[in-house]
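Inspection log for the structure reproduced underneath, given as C-alpha coordinates.
The values are calculated or read from the model by the stated rules, or taken from the named source; none is laboratory data. Just so you know, these numbers come straight off a predicted model, no measurement behind them. Every residue, glycine as well, gets a Cβ built from its backbone with ideal geometry; the counts of neighbours run over all protein chains shown.
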Amino acid sequence: MLKRKNAGGWVLALVAVTLFGGLILRRLADHETMAPEEPITAGMVMSGNERALARDLSATFENMAAQYLPVVVTIQPHTVAHLESCGLVVSHDGYILTSSQNFQAGDSVRVTLHKGRRLRGSVVGSDPITELALIKIAVEGLPYAKFGDSDRLRLGQLVMAISSVEKAKPLVTTAMINAKGRSKVSLPQMEDFIHTAVAATRANHGGALVNLEGEVIGVCTAMASPKGLGMAVPANLAKRVMHTLIKEGKVTRGDIGATAQDIDQRLAQALQINSTLGALLVEVAASSPAERAGLRRGDVILQFANVPIANANEFDNAVAAQKPDAKVPVVVWREAVKVICEVIPSERQNLASQESFSNLNRRPATNALGVDVQNVSADFARIHQVAGVAIASSAPEEATLQIGDIIQEINHRPIRSVRDFHAATASLAAGEVALLLIRRGEKTFFSGVKVQE
(Lines give C-alpha, C1' and ligand atoms only; values in the text may rest on other atoms or scores of the structure.)
Protein backbone atom coordinates (compact mmCIF):
# COMPACT_ATOMS: atom_id res chain seq x y z
CA MET A 1 0.00 0.00 0.00
CA LEU A 2 1.36 3.43 -0.88
CA LYS A 3 1.83 5.82 2.01
CA ARG A 4 0.12 9.23 2.16
CA LYS A 5 2.36 12.25 1.88
CA ASN A 6 2.36 15.22 4.25
CA ALA A 7 -0.06 17.81 2.77
CA GLY A 8 1.80 20.69 4.45
CA GLY A 9 4.88 20.04 2.36
CA TRP A 10 2.94 20.55 -0.83
CA VAL A 11 1.68 23.93 0.32
CA LEU A 12 5.27 25.06 0.88
CA ALA A 13 6.20 23.66 -2.51
CA LEU A 14 3.50 25.65 -4.28
CA VAL A 15 4.56 28.78 -2.39
CA ALA A 16 8.09 28.17 -3.66
CA VAL A 17 6.88 28.11 -7.26
CA THR A 18 4.99 31.38 -6.72
CA LEU A 19 7.96 33.09 -5.07
CA PHE A 20 10.33 31.86 -7.75
CA GLY A 21 8.16 33.18 -10.59
CA GLY A 22 7.48 36.48 -8.82
CA LEU A 23 11.15 37.06 -8.12
CA ILE A 24 12.12 36.54 -11.74
CA LEU A 25 9.45 39.01 -12.90
CA ARG A 26 10.64 41.60 -10.36
CA ARG A 27 14.22 41.28 -11.53
CA LEU A 28 13.17 41.72 -15.14
CA ALA A 29 11.01 44.71 -14.24
CA ASP A 30 13.94 46.34 -12.43
CA HIS A 31 16.17 45.77 -15.44
CA GLU A 32 18.64 43.75 -13.37
CA THR A 33 20.02 41.93 -16.38
CA MET A 34 23.28 40.03 -16.44
CA ALA A 35 26.09 40.94 -18.76
CA PRO A 36 25.98 38.85 -21.96
CA GLU A 37 29.30 37.15 -21.11
CA GLU A 38 28.32 36.38 -17.47
CA PRO A 39 26.75 32.94 -16.90
CA ILE A 40 23.44 32.92 -15.03
CA THR A 41 23.21 30.77 -11.89
CA ALA A 42 20.40 30.01 -9.45
CA GLY A 43 22.06 32.24 -6.87
CA MET A 44 21.45 35.30 -9.07
CA VAL A 45 17.63 34.93 -9.06
CA MET A 46 16.81 32.99 -5.86
CA SER A 47 17.66 33.39 -2.21
CA GLY A 48 18.83 30.43 -0.16
CA ASN A 49 15.33 29.84 1.25
CA GLU A 50 13.78 30.03 -2.21
CA ARG A 51 16.24 27.50 -3.58
CA ALA A 52 15.44 25.16 -0.69
CA LEU A 53 11.70 25.39 -1.39
CA ALA A 54 12.28 24.77 -5.09
CA ARG A 55 14.44 21.73 -4.29
CA ASP A 56 11.68 20.43 -1.99
CA LEU A 57 9.14 20.73 -4.80
CA SER A 58 11.45 18.91 -7.20
CA ALA A 59 12.09 16.19 -4.61
CA THR A 60 8.35 15.77 -4.14
CA PHE A 61 7.76 14.97 -7.80
CA GLU A 62 10.81 12.73 -7.89
CA ASN A 63 9.52 10.75 -4.90
CA MET A 64 6.04 10.45 -6.41
CA ALA A 65 7.46 9.10 -9.65
CA ALA A 66 9.69 6.61 -7.84
CA GLN A 67 6.76 5.50 -5.67
CA TYR A 68 4.47 4.80 -8.63
CA LEU A 69 6.86 3.30 -11.16
CA PRO A 70 6.47 -0.20 -9.61
CA VAL A 71 2.67 0.19 -9.75
CA VAL A 72 2.33 1.19 -13.42
CA VAL A 73 2.84 -1.71 -15.86
CA THR A 74 2.98 -2.26 -19.61
CA ILE A 75 0.29 -4.36 -21.32
CA GLN A 76 0.89 -6.05 -24.66
CA PRO A 77 -2.09 -7.78 -26.32
CA HIS A 78 -1.35 -11.04 -28.12
CA THR A 79 -3.35 -9.73 -31.09
CA VAL A 80 -0.94 -7.93 -33.38
CA ALA A 81 -3.57 -5.38 -34.47
CA HIS A 82 -3.93 -4.05 -30.93
CA LEU A 83 -1.37 -1.56 -29.66
CA GLU A 84 0.29 -1.82 -26.28
CA SER A 85 -0.86 0.39 -23.44
CA CYS A 86 -0.18 0.71 -19.76
CA GLY A 87 -2.15 -0.30 -16.70
CA LEU A 88 -2.34 0.28 -12.99
CA VAL A 89 -1.92 -2.45 -10.34
CA VAL A 90 -4.90 -2.00 -8.00
CA SER A 91 -4.57 -5.00 -5.66
CA HIS A 92 -1.81 -7.07 -4.06
CA ASP A 93 -3.11 -10.23 -5.78
CA GLY A 94 -2.66 -9.05 -9.36
CA TYR A 95 -5.70 -7.06 -10.54
CA ILE A 96 -4.72 -4.41 -13.09
CA LEU A 97 -6.96 -1.58 -14.29
CA THR A 98 -6.34 -0.19 -17.75
CA SER A 99 -8.03 2.02 -20.32
CA SER A 100 -8.74 0.26 -23.60
CA GLN A 101 -11.75 -0.12 -25.87
CA ASN A 102 -10.17 -3.12 -27.60
CA PHE A 103 -10.10 -5.65 -24.75
CA GLN A 104 -12.82 -8.27 -24.36
CA ALA A 105 -13.39 -10.71 -21.50
CA GLY A 106 -11.15 -13.76 -21.89
CA ASP A 107 -8.51 -12.03 -24.04
CA SER A 108 -4.93 -13.07 -23.28
CA VAL A 109 -2.29 -10.38 -22.68
CA ARG A 110 1.35 -10.06 -21.67
CA VAL A 111 2.09 -7.84 -18.68
CA THR A 112 5.55 -6.38 -18.10
CA LEU A 113 6.12 -5.35 -14.51
CA HIS A 114 8.63 -2.82 -13.24
CA LYS A 115 12.23 -3.91 -13.89
CA GLY A 116 11.18 -6.14 -16.80
CA ARG A 117 9.45 -9.13 -15.20
CA ARG A 118 6.92 -10.58 -17.70
CA LEU A 119 3.74 -12.47 -16.84
CA ARG A 120 0.78 -13.83 -18.73
CA GLY A 121 -2.58 -12.26 -17.91
CA SER A 122 -6.23 -12.49 -18.96
CA VAL A 123 -8.97 -9.87 -19.31
CA VAL A 124 -11.61 -10.26 -16.59
CA GLY A 125 -14.02 -7.86 -18.30
CA SER A 126 -14.35 -4.46 -19.94
CA ASP A 127 -16.70 -1.48 -20.03
CA PRO A 128 -16.98 0.21 -23.47
CA ILE A 129 -18.70 3.30 -22.01
CA THR A 130 -15.75 4.32 -19.84
CA GLU A 131 -13.17 2.41 -21.97
CA LEU A 132 -11.92 0.67 -18.82
CA ALA A 133 -10.83 -2.96 -18.67
CA LEU A 134 -9.70 -5.19 -15.81
CA ILE A 135 -6.83 -7.70 -16.15
CA LYS A 136 -5.74 -10.47 -13.75
CA ILE A 137 -2.26 -11.93 -13.38
CA ALA A 138 -1.35 -14.87 -11.14
CA VAL A 139 0.93 -13.20 -8.61
CA GLU A 140 0.81 -12.18 -4.95
CA GLY A 141 2.41 -9.44 -2.88
CA LEU A 142 2.50 -6.68 -5.48
CA PRO A 143 2.69 -3.01 -4.51
CA TYR A 144 -0.55 -1.37 -5.59
CA ALA A 145 -2.10 2.04 -6.03
CA LYS A 146 -4.15 3.85 -3.43
CA PHE A 147 -7.23 5.60 -4.80
CA GLY A 148 -8.08 9.12 -3.65
CA ASP A 149 -11.43 10.90 -3.66
CA SER A 150 -11.81 12.44 -7.12
CA ASP A 151 -14.85 14.44 -5.95
CA ARG A 152 -12.44 16.60 -3.91
CA LEU A 153 -10.42 17.75 -6.93
CA ARG A 154 -9.98 21.49 -7.40
CA LEU A 155 -9.44 23.49 -10.57
CA GLY A 156 -5.78 24.42 -10.92
CA GLN A 157 -4.64 21.55 -8.67
CA LEU A 158 -1.23 20.14 -9.57
CA VAL A 159 -1.16 16.48 -10.62
CA MET A 160 1.26 14.03 -12.21
CA ALA A 161 0.56 11.49 -14.96
CA ILE A 162 2.72 8.36 -14.75
CA SER A 163 2.71 5.74 -17.49
CA SER A 164 4.87 2.90 -18.78
CA VAL A 165 4.95 1.90 -22.46
CA GLU A 166 7.42 1.05 -25.19
CA LYS A 167 9.32 -1.79 -23.51
CA ALA A 168 8.34 -0.62 -20.01
CA LYS A 169 10.04 2.77 -20.31
CA PRO A 170 8.51 5.17 -17.75
CA LEU A 171 6.94 8.46 -18.79
CA VAL A 172 6.16 11.19 -16.25
CA THR A 173 4.21 14.38 -16.99
CA THR A 174 3.18 17.16 -14.61
CA ALA A 175 0.04 19.19 -15.23
CA MET A 176 -2.90 20.83 -13.52
CA ILE A 177 -6.63 20.17 -13.44
CA ASN A 178 -8.31 22.22 -16.19
CA ALA A 179 -11.84 20.90 -15.67
CA LYS A 180 -13.33 18.63 -13.04
CA GLY A 181 -15.01 15.36 -13.88
CA ARG A 182 -18.17 14.13 -12.22
CA SER A 183 -17.88 10.76 -10.54
CA LYS A 184 -21.44 9.76 -9.75
CA VAL A 185 -22.55 9.07 -13.31
CA SER A 186 -23.41 5.83 -15.08
CA LEU A 187 -23.18 7.18 -18.62
CA PRO A 188 -20.27 9.64 -18.54
CA GLN A 189 -20.19 12.30 -21.25
CA MET A 190 -17.21 14.44 -22.27
CA GLU A 191 -17.76 16.85 -19.36
CA ASP A 192 -17.83 14.02 -16.81
CA PHE A 193 -14.13 13.22 -17.25
CA ILE A 194 -11.16 15.00 -15.68
CA HIS A 195 -9.52 17.37 -18.17
CA THR A 196 -5.79 18.13 -17.90
CA ALA A 197 -2.98 19.41 -20.10
CA VAL A 198 -1.53 15.88 -20.25
CA ALA A 199 -1.42 14.87 -23.92
CA ALA A 200 -4.06 12.33 -24.98
CA THR A 201 -1.59 9.94 -26.59
CA ARG A 202 -1.03 6.19 -26.53
CA ALA A 203 1.94 6.84 -24.26
CA ASN A 204 -0.40 7.95 -21.46
CA HIS A 205 -3.21 5.52 -22.29
CA GLY A 206 -4.10 3.70 -19.05
CA GLY A 207 -1.63 5.62 -16.90
CA ALA A 208 -2.19 6.90 -13.37
CA LEU A 209 -3.20 10.50 -12.66
CA VAL A 210 -1.80 11.16 -9.17
CA ASN A 211 -2.37 14.06 -6.78
CA LEU A 212 0.25 15.55 -4.47
CA GLU A 213 -0.96 13.29 -1.66
CA GLY A 214 0.31 10.30 -3.62
CA GLU A 215 -3.21 9.10 -4.45
CA VAL A 216 -4.62 8.03 -7.82
CA ILE A 217 -7.44 10.41 -8.68
CA GLY A 218 -7.92 9.31 -12.31
CA VAL A 219 -7.06 6.79 -15.02
CA CYS A 220 -5.78 8.46 -18.22
CA THR A 221 -7.59 7.64 -21.45
CA ALA A 222 -6.68 8.04 -25.11
CA MET A 223 -9.70 10.26 -25.63
CA ALA A 224 -9.16 13.98 -26.14
CA SER A 225 -11.54 16.83 -25.41
CA PRO A 226 -12.58 19.26 -28.20
CA LYS A 227 -9.98 21.71 -26.85
CA GLY A 228 -7.22 19.13 -27.20
CA LEU A 229 -6.91 18.49 -23.47
CA GLY A 230 -6.17 15.02 -22.19
CA MET A 231 -8.84 13.25 -20.16
CA ALA A 232 -8.97 10.79 -17.30
CA VAL A 233 -11.75 8.68 -15.81
CA PRO A 234 -12.40 10.01 -12.27
CA ALA A 235 -11.10 7.62 -9.60
CA ASN A 236 -14.50 7.23 -7.93
CA LEU A 237 -16.08 6.14 -11.20
CA ALA A 238 -13.12 3.89 -12.04
CA LYS A 239 -13.42 2.17 -8.64
CA ARG A 240 -17.12 1.41 -9.17
CA VAL A 241 -16.43 -0.04 -12.61
CA MET A 242 -13.50 -2.07 -11.25
CA HIS A 243 -15.51 -3.60 -8.37
CA THR A 244 -18.39 -4.44 -10.74
CA LEU A 245 -16.02 -6.15 -13.18
CA ILE A 246 -14.44 -8.17 -10.35
CA LYS A 247 -17.85 -9.25 -9.09
CA GLU A 248 -19.78 -9.75 -12.33
CA GLY A 249 -17.30 -9.66 -15.21
CA LYS A 250 -19.23 -6.88 -16.96
CA VAL A 251 -20.96 -3.57 -16.28
CA THR A 252 -24.72 -3.74 -16.81
CA ARG A 253 -26.77 -0.59 -17.40
CA GLY A 254 -30.50 -0.16 -17.73
CA ASP A 255 -32.37 1.07 -20.81
CA ILE A 256 -36.05 1.91 -21.38
CA GLY A 257 -35.94 2.87 -25.08
CA ALA A 258 -36.59 6.58 -24.58
CA THR A 259 -34.51 9.71 -25.14
CA ALA A 260 -34.96 13.08 -23.47
CA GLN A 261 -33.74 16.66 -23.63
CA ASP A 262 -33.36 19.60 -21.28
CA ILE A 263 -36.11 22.19 -20.87
CA ASP A 264 -35.25 25.84 -21.43
CA GLN A 265 -37.44 28.89 -20.78
CA ARG A 266 -38.91 28.86 -24.28
CA LEU A 267 -39.79 25.19 -24.06
CA ALA A 268 -41.34 25.69 -20.64
CA GLN A 269 -43.48 28.48 -22.10
CA ALA A 270 -44.48 26.36 -25.08
CA LEU A 271 -45.29 23.41 -22.80
CA GLN A 272 -47.20 25.72 -20.46
CA ILE A 273 -45.24 24.69 -17.39
CA ASN A 274 -43.76 26.94 -14.71
CA SER A 275 -40.34 25.31 -14.31
CA THR A 276 -37.42 24.17 -16.43
CA LEU A 277 -36.78 21.21 -14.10
CA GLY A 278 -37.31 17.77 -15.58
CA ALA A 279 -36.42 15.83 -18.74
CA LEU A 280 -38.65 16.16 -21.81
CA LEU A 281 -39.17 12.89 -23.69
CA VAL A 282 -38.60 13.32 -27.42
CA GLU A 283 -38.54 9.70 -28.59
CA VAL A 284 -40.21 6.56 -27.27
CA ALA A 285 -39.24 3.47 -29.27
CA ALA A 286 -41.94 1.07 -30.42
CA SER A 287 -42.35 -2.01 -28.20
CA SER A 288 -39.80 -0.56 -25.74
CA PRO A 289 -40.09 -0.72 -21.94
CA ALA A 290 -41.05 2.96 -21.99
CA GLU A 291 -43.91 2.40 -24.45
CA ARG A 292 -45.14 -0.65 -22.53
CA ALA A 293 -45.19 1.48 -19.37
CA GLY A 294 -47.37 4.07 -21.09
CA LEU A 295 -44.76 6.81 -21.46
CA ARG A 296 -45.28 9.17 -24.39
CA ARG A 297 -43.38 11.72 -26.41
CA GLY A 298 -43.89 15.09 -24.73
CA ASP A 299 -43.98 13.70 -21.18
CA VAL A 300 -41.80 15.58 -18.69
CA ILE A 301 -39.97 13.17 -16.37
CA LEU A 302 -40.03 14.59 -12.83
CA GLN A 303 -38.86 11.53 -10.90
CA PHE A 304 -37.27 8.21 -11.84
CA ALA A 305 -36.71 5.44 -9.29
CA ASN A 306 -37.82 7.91 -6.59
CA VAL A 307 -34.99 10.29 -7.55
CA PRO A 308 -35.88 13.88 -8.62
CA ILE A 309 -34.83 14.58 -12.22
CA ALA A 310 -33.56 18.07 -13.07
CA ASN A 311 -32.39 17.55 -16.66
CA ALA A 312 -31.85 15.00 -19.43
CA ASN A 313 -28.39 13.98 -18.21
CA GLU A 314 -29.77 13.09 -14.78
CA PHE A 315 -32.56 11.10 -16.45
CA ASP A 316 -30.10 9.15 -18.64
CA ASN A 317 -27.94 8.29 -15.64
CA ALA A 318 -30.90 7.37 -13.45
CA VAL A 319 -32.08 4.93 -16.13
CA ALA A 320 -28.59 3.50 -16.68
CA ALA A 321 -28.11 2.95 -12.93
CA GLN A 322 -31.06 0.52 -12.78
CA LYS A 323 -30.77 -3.24 -12.86
CA PRO A 324 -32.64 -4.82 -15.80
CA ASP A 325 -35.98 -6.55 -15.22
CA ALA A 326 -36.83 -4.73 -11.96
CA LYS A 327 -39.90 -2.46 -11.67
CA VAL A 328 -39.07 1.24 -11.35
CA PRO A 329 -41.59 4.00 -10.42
CA VAL A 330 -41.74 7.02 -12.72
CA VAL A 331 -43.48 10.36 -12.16
CA VAL A 332 -44.24 12.46 -15.26
CA TRP A 333 -46.00 15.72 -16.03
CA ARG A 334 -48.47 15.26 -18.90
CA GLU A 335 -50.85 17.96 -20.09
CA ALA A 336 -51.05 19.71 -16.70
CA VAL A 337 -51.51 16.42 -14.80
CA LYS A 338 -49.07 14.33 -12.77
CA VAL A 339 -48.99 10.71 -13.93
CA ILE A 340 -47.35 7.83 -12.04
CA CYS A 341 -46.39 4.62 -13.81
CA GLU A 342 -43.96 1.71 -13.55
CA VAL A 343 -41.33 0.78 -16.10
CA ILE A 344 -39.20 -2.37 -16.30
CA PRO A 345 -35.79 -1.49 -17.82
CA SER A 346 -34.01 -3.86 -20.18
CA GLU A 347 -30.23 -4.19 -20.52
CA ARG A 348 -28.60 -1.36 -22.44
CA GLN A 349 -26.82 -2.40 -25.63
CA ASN A 350 -23.86 -0.66 -27.27
CA LEU A 351 -25.01 2.23 -29.43
CA ALA A 352 -24.40 2.06 -33.17
CA SER A 353 -22.73 4.93 -34.96
CA GLN A 354 -25.05 7.67 -36.17
CA GLU A 355 -25.58 8.77 -39.74
CA SER A 356 -26.32 12.38 -40.62
CA PHE A 357 -28.93 13.55 -43.11
CA SER A 358 -27.64 14.99 -46.38
CA ASN A 359 -28.40 15.69 -50.03
CA LEU A 360 -31.68 17.52 -49.47
CA ASN A 361 -33.31 19.04 -52.56
CA ARG A 362 -33.87 22.55 -51.21
CA ARG A 363 -36.66 24.53 -52.86
CA PRO A 364 -37.72 27.29 -50.51
CA ALA A 365 -41.34 27.83 -49.46
CA THR A 366 -41.80 30.95 -47.30
CA ASN A 367 -43.61 30.52 -43.97
CA ALA A 368 -44.73 32.37 -40.86
CA LEU A 369 -41.89 31.16 -38.63
CA GLY A 370 -39.22 32.90 -40.69
CA VAL A 371 -37.78 29.71 -42.18
CA ASP A 372 -38.02 28.32 -45.70
CA VAL A 373 -39.04 24.68 -45.93
CA GLN A 374 -39.52 22.03 -48.57
CA ASN A 375 -41.00 18.57 -48.79
CA VAL A 376 -38.73 15.64 -47.95
CA SER A 377 -38.35 13.27 -50.88
CA ALA A 378 -40.05 9.87 -50.69
CA ASP A 379 -36.70 8.08 -50.97
CA PHE A 380 -35.22 10.19 -48.18
CA ALA A 381 -38.22 9.55 -45.94
CA ARG A 382 -38.10 5.81 -46.65
CA ILE A 383 -34.35 5.41 -46.09
CA HIS A 384 -34.27 7.45 -42.88
CA GLN A 385 -37.77 6.57 -41.70
CA VAL A 386 -38.68 10.17 -41.09
CA ALA A 387 -41.65 12.34 -42.16
CA GLY A 388 -41.72 16.13 -42.17
CA VAL A 389 -40.43 19.16 -44.02
CA ALA A 390 -36.78 20.15 -44.36
CA ILE A 391 -35.51 23.63 -43.51
CA ALA A 392 -33.82 25.15 -46.56
CA SER A 393 -32.99 28.52 -44.95
CA SER A 394 -33.68 30.17 -41.62
CA ALA A 395 -33.92 33.65 -40.21
CA PRO A 396 -30.65 34.92 -38.67
CA GLU A 397 -32.33 35.57 -35.31
CA GLU A 398 -33.63 32.00 -35.05
CA ALA A 399 -30.47 30.28 -33.89
CA THR A 400 -32.20 27.16 -32.60
CA LEU A 401 -33.00 25.94 -36.13
CA GLN A 402 -30.48 24.86 -38.75
CA ILE A 403 -30.58 24.21 -42.47
CA GLY A 404 -31.30 20.53 -42.97
CA ASP A 405 -33.43 20.17 -39.83
CA ILE A 406 -36.61 18.13 -40.33
CA ILE A 407 -39.73 19.64 -38.73
CA GLN A 408 -41.97 16.75 -37.71
CA GLU A 409 -44.54 18.44 -35.46
CA ILE A 410 -45.82 21.92 -34.62
CA ASN A 411 -47.66 22.15 -31.28
CA HIS A 412 -48.07 18.34 -31.36
CA ARG A 413 -49.63 18.53 -34.84
CA PRO A 414 -47.95 16.09 -37.29
CA ILE A 415 -46.25 17.72 -40.28
CA ARG A 416 -45.86 15.55 -43.40
CA SER A 417 -45.77 18.18 -46.16
CA VAL A 418 -45.34 21.88 -46.86
CA ARG A 419 -49.17 22.11 -46.99
CA ASP A 420 -49.38 20.69 -43.47
CA PHE A 421 -46.70 23.13 -42.38
CA HIS A 422 -48.53 26.21 -43.70
CA ALA A 423 -51.82 25.03 -42.23
CA ALA A 424 -50.20 24.63 -38.82
CA THR A 425 -48.39 27.98 -38.88
CA ALA A 426 -51.46 29.91 -40.14
CA SER A 427 -53.08 29.64 -36.71
CA LEU A 428 -50.04 30.83 -34.76
CA ALA A 429 -50.28 34.24 -33.12
CA ALA A 430 -47.41 36.73 -33.39
CA GLY A 431 -45.22 36.67 -30.31
CA GLU A 432 -46.25 33.24 -29.03
CA VAL A 433 -43.79 30.38 -28.70
CA ALA A 434 -44.54 27.37 -30.91
CA LEU A 435 -43.44 23.89 -29.85
CA LEU A 436 -41.56 22.20 -32.74
CA LEU A 437 -40.40 18.60 -32.90
CA ILE A 438 -37.12 18.56 -34.83
CA ARG A 439 -35.05 15.74 -36.32
CA ARG A 440 -31.37 16.62 -36.76
CA GLY A 441 -29.18 13.80 -37.97
CA GLU A 442 -30.14 10.83 -35.80
CA LYS A 443 -31.23 13.08 -32.93
CA THR A 444 -34.82 14.14 -32.25
CA PHE A 445 -35.63 17.03 -29.91
CA PHE A 446 -38.23 19.69 -29.10
CA SER A 447 -37.54 23.37 -29.69
CA GLY A 448 -39.49 26.44 -28.64
CA VAL A 449 -39.58 28.90 -31.55
CA LYS A 450 -40.97 32.41 -31.17
CA VAL A 451 -43.49 33.40 -33.88
CA GLN A 452 -42.36 36.55 -35.67
CA GLU A 453 -44.19 39.82 -35.08
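Brief remarks on what is shown
- MET176 being in the same structural domain as VAL241 (by TED's automatic domain parsing), modelled with pLDDT under 90 and farther than 24 Å from ARG240 by Cβ: yes
- Meets criteria (modelled with pLDDT of 80 or more, on the phi > 0 side of the Ramachandran plot and either among the aliphatic types (A, V, I, L, M) or surrounded by 11 or more Cβ atoms within 10 Å (Cβ to Cβ) (or both)) for GLY87: no
- Of the residues making up the range 397-453, those that are part of a loop (DSSP other than H, G, I, E, B) and hydroxyl-bearing (Ser, Thr, Tyr) are THR400, SER417, SER427.
- For LEU271, the test of being over 29 Å from PRO128 (Cα atoms) and not assigned by TED's automatic domain parsing to the domain that holds GLN189 is passed.
- When residues of the range 110-159 are limited to those that are of a type in the set (D, E, K, R) and in a loop (DSSP other than H, G, I, E, B), the one nearest to VAL71 (Cα to Cα): LYS146
- Counting the residues of the range 270-287 that are more than 11 Å from VAL332 (Cα to Cα) and free of Cβ contacts under 8 Å to residues at least 40 places away in the same chain gives 8.
- Test: residue in the range 121-138 that is among the hydroxyl-bearing types (Ser, Thr, Tyr) and more than 21 Å from PRO234 (Cβ to Cβ): yes
- Of note, ILE407 satisfies the criterion of being hydrophobic (A, V, I, L, M, F, W, C), modelled with pLDDT of 90 or more and outside the structural domain of GLN261 (by TED's automatic domain parsing).
- Residue satisfying all of: in the range 156-173; crowded, with 23+ Cβ neighbours inside 10 Å and among the hydroxyl-bearing types (Ser, Thr, Tyr); modelled with the lowest pLDDT among these: SER164
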